[in-house]
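Asker: One structure is given below, represented as structure tokens, and several questions about it will come after.
Every number in this text was worked out from the coordinates using simple rules, so none of it is lab data. Model, not experiment: these values are computed from the prediction. Glycine gets a Cβ as well: all are built from the backbone with ideal geometry, and neighbour counts include every protein chain shown.
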Amino acid sequence: MGAHTSTYVPTTRWGKWFDERLPIARVVKNQFIDYPTPRNLNYLWTFGGILTLILVGQIVTGVILAMHYQPSATGAFDSIEKIRRDVNYGWMIRDFHSVGASMFFLAVYIHIFRGFYYGSYKAPREVLWILGVLIMLLMMATAFMGYTLPWGQMSFWGVTVITNLFSALDTIYNGLGTAIVEWLWGGYSVSGVTLNRFFSLHYLLPFVLTGVVGLHIWALHIAGQNNPTGLDLKEPSDCVPMHPYATSKDAVGIFAFLLLYAWFVFFLPDYLGHADNYIEANPLVTPPHIVPEWYFLPFYAMLRAFTSSFLGIPLGQYAKLCGVVAMFSAVIIIAFAPWLDTSRIRSSKYRPIFKWFFWFFVITCVSLGYLGSKPAEGIYVTAAQIFTVCYFLFFLVIMPIVGLIETPRAMPRSITEAVLGKGGAGLPTGATAAPEVR
Amino acid sequence: MKKRVPVTLLFALAAVFAITSVSAEEAGHPTIERQPWSFSGFTGQFDRAQLQRGFQVYKEICSNCHALKHLDFRNLVQPGGPEFPEAAVKALAKSWPNQITDGPNDQGKMFERPPLLSDPILGPYKNDQEARAAQNGALPPDLSLVARARDVERNPSWWIHPFLMLGDIANGYQEGGADYIYALLTGFSDAPADFKLVEGKFYNKVFPGHQISMPPPLSDGAVAYQDGTPQTVDNYAHDVVAFLSWAADPSLDTRKQIGWQVILYLIVTTALLYLGKKRIWASIKH
């Protein structure tokens, strides 16, 4: 799709002059106005636009916050209060940023689940998908470091717990884990030094993220968008130009999402956070329950599922290491989905068995999220262990096997046929804006 | 259309459960009931008179041990708070027992002076160590954020949990901190016969571990209200918690007022964009 013929014709001499030197207007016209998008995209496809908007919003609010924030162990907590109380509309900027992190993850998880349901990871979109996993990793790192910055109790103890995970490497090579942890901390414990470096990285990573998002969009425009049928674009009537069709739909999706976002910012700014983070960090007092932000809970549940024994298998000193490996693998394994899924059919619409397992996967993730918020004891641990197995089972067993045994449903020949029914090829009169120009 | 039914059903169920399920919470933990705060929910705003009474309770009782370091005296004048007259707050600051350490002066000495409008509302102790020394080892926490720094832990069954959450999100309820502090202030009683109370501690049914170093701070008639509000522990607790909620979130009134304008704008814009999208797509089956 990336190489479709350009229809850009500069109308002024200056435009022609500039186009010959830097064809930026041509790229915009080709890639964001005329660009052929499948005509059958549903609202789940508006999340790419929503995510781009949130990324820009997080950077804008973040830059303003950084103007007022003091990254030091003695000043951080108070400076956030100053922002909330004394900076003009500081409370609003702050809440947009902190709620924005949650909204970012909410949108990205919906975006990823959509990818799973409609098989958006399959050829020729593997690189696009891997870039997406990389974006999620960068988001997680950025959000984790950002959560440190208010320097409340949960910030401090969250960092302590998570950075300490690397000490599990001591069981492989004595001293390796400890060395890494001290290197991360910049000392022998979490301190103002740690806060300073996390602030620096929290400012840097979003720009790296933006770069990878650029690649993600580039890769998308090479492979073209997937669509609810999972079929390739075959004929001109399968698609409509991005503008005004996809853009008008994106606009609705974006504003509807902003409605939810604004509801939390203005009426529930604390709801997604944790009360303990309004207590200034105190290395001498450990909060009774150390819980990460909600968007890390499924991974946190997997981490904690590895206690001294895992479903009867004794783990001994390797329990922590297994938990850490499981937690990181849970993210990394997503990148292998294009090769783990053996089915050639993309959309679950035509995959009677996989469709059910998709919901099995959703329930697994939500359950892990719930268990991550509960104390690691009794039935919760056993449940977390079972769902951890389910999570990896989905990738390592279900994805490969279902693809081999499943008989797909009868599929339409093209998107046009899926939309209009058999024999209904071509666009109705009046749809003159459709890209016959291709 | 077929797909919309379950979603609607889900929301209807959520509403029903949100209303009925509070009573279904697990026993074991003392239930902390939700109070009818004027400032809770998506329409809630502070009650000016209540904030003024609440400050009076803070000043006459809490301030004997607790500071409000994130609050300046000027905040008591600003819109959205108790909105005392500026002259009255100036006089109050001048007579505030806990002085500001300032300096060094031109002799190089630090000195004490009464606070100005721009100074924080300090408690009686210069630092935590002094506080612990005076309070038998206990540290009276700063109260400026306490209403946001506490919450009510609810342990509903897993299947009720999502409905409770949806109910709170739909209502815009995040006043767990206020509910907890109210329950704490009114939760003092004699220890049960089988409970071993450490010397110098007090029994409180909602405080974690049930032993708190703070003596019961409120008693009927302890603060003389000027506006005829009955002088009961219950009223004192409600009023001072409302004041502390404002202290922790002084922009609440503005936040919710702007919020409604933003929500209204977004609803109208989303609707218009949807109509525009329908029109654009009218000739294209999809």
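Asker: Out of the range B:264-286, which residues are of a type outside the set (A, V, I, L, M) and within 7 Å of chain A (Cβ to nearest Cβ)?
Answerer: Matches in the range B:264-286: B:THR269, B:THR270, B:TYR274, B:GLY276, B:LYS277, B:TRP281, B:SER283, B:LYS285, B:HIS286.
Asker: Which helices (runs of 4 or more DSSP H) sit wholly inside the range A:6-106 and have at least 2 residues that are within 14 Å of chain B (Cβ to nearest Cβ)?
Answerer: A:47-68, A:76-85
Residues checked against (1) surrounded by fewer than 18 Cβ atoms within 10 Å (Cβ to Cβ); (2) more than 30 Å from A:TRP91 (Cβ to Cβ):
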position: B:ASN204; (1), (2): no, yes
position: B:HIS238; (1), (2): no, no
position: B:LYS256; (1), (2): no, no
position: B:GLY259; (1), (2): no, no
position: B:ALA271; (1), (2): yes, no
position: B:LEU275; (1), (2): yes, yes
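Asker: Which condition number in (1) in a loop (DSSP other than H, G, I, E, B); (2) of a type in the set (Gly, Ala, Ser); (3) closer than 22 Å to B:GLY54 by Cα is the one that B:GLY209 fails?
Answerer: The one condition B:GLY209 does not meet is (3).
One line per residue, one yes/no per condition, for (1) of a type in the set (A, V, I, L, M, F, W, C); (2) surrounded by fewer than 22 Cβ atoms within 10 Å (Cβ to Cβ); (3) more than 13 Å from every other protein chain (Cβ to nearest Cβ):
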position: A:TYR203; (1), (2), (3): no, yes, yes
position: A:PHE207; (1), (2), (3): yes, yes, yes
position: A:THR210; (1), (2), (3): no, yes, yes
position: A:PRO244; (1), (2), (3): no, yes, no
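Asker: Taking the condition at the interface with chain B (Cβ under 8 Å from one of its Cβ atoms) and free of Cβ contacts under 8 Å to residues at least 12 places away in the same chain, does A:PRO269 pass?
Answerer: When the stated conditions are applied, A:PRO269 does not pass them.
Asker: Output the residues belonging to the range B:237-262 that are in contact with a Lys or Arg (Cβ under 8 Å, 6 or more places away or on another chain) and over 12 Å from B:ALA147 (Cα atoms).
Answerer: Within the range B:237-262, B:ASP239, B:SER251 meet the criteria.
Asker: Name the residues in the range B:234-258 that are polar (S, T, N, Q) and closer than 30 Å to B:SER219 by Cα, would you?
Answerer: B:ASN235, B:SER245
Asker: For the range B:129-187, please list each of the helices (runs of 4 or more DSSP H) lying entirely inside it that holds at least 2 residues being under 23 Å from A:ILE279 (Cα atoms), facing chain A (nearest Cβ under 9 Å) and not acidic (Asp, Glu).
Answerer: B:146-149, B:176-185
Asker: Just give me the residues in the range A:179-201 being β-branched (Val, Ile, Thr), surrounded by 15 or more Cβ atoms within 10 Å (Cβ to Cβ) and in a helix (DSSP H, G or I), in sequence order.
Answerer: A:ILE180, A:VAL181, A:THR194
Asker: Something else now. Suppose we keep only residues that are under 21 Å from A:PRO150 (Cα atoms) and free of Cβ contacts under 8 Å to residues at least 24 places away in the same chain within the range A:45-71. Which one would you say is surrounded by the fewest Cβ atoms within 10 Å (Cβ to Cβ)?
Answerer: So, considering only residues that are under 21 Å from A:PRO150 (Cα atoms) and free of Cβ contacts under 8 Å to residues at least 24 places away in the same chain, the one surrounded by the fewest Cβ atoms within 10 Å (Cβ to Cβ) is A:MET67.
Asker: Moving to a separate point now. Tell me, yes or no, whether the range A:78-91 has at least one residue that is in contact with a Gly (Cβ under 7 Å, 6 or more places away or on another chain) and among the small types (Gly, Ala, Ser).
Answerer: The answer is no, given that none of the residues of the range A:78-91 is in contact with a Gly (Cβ under 7 Å, 6 or more places away or on another chain) and among the small types (Gly, Ala, Ser).
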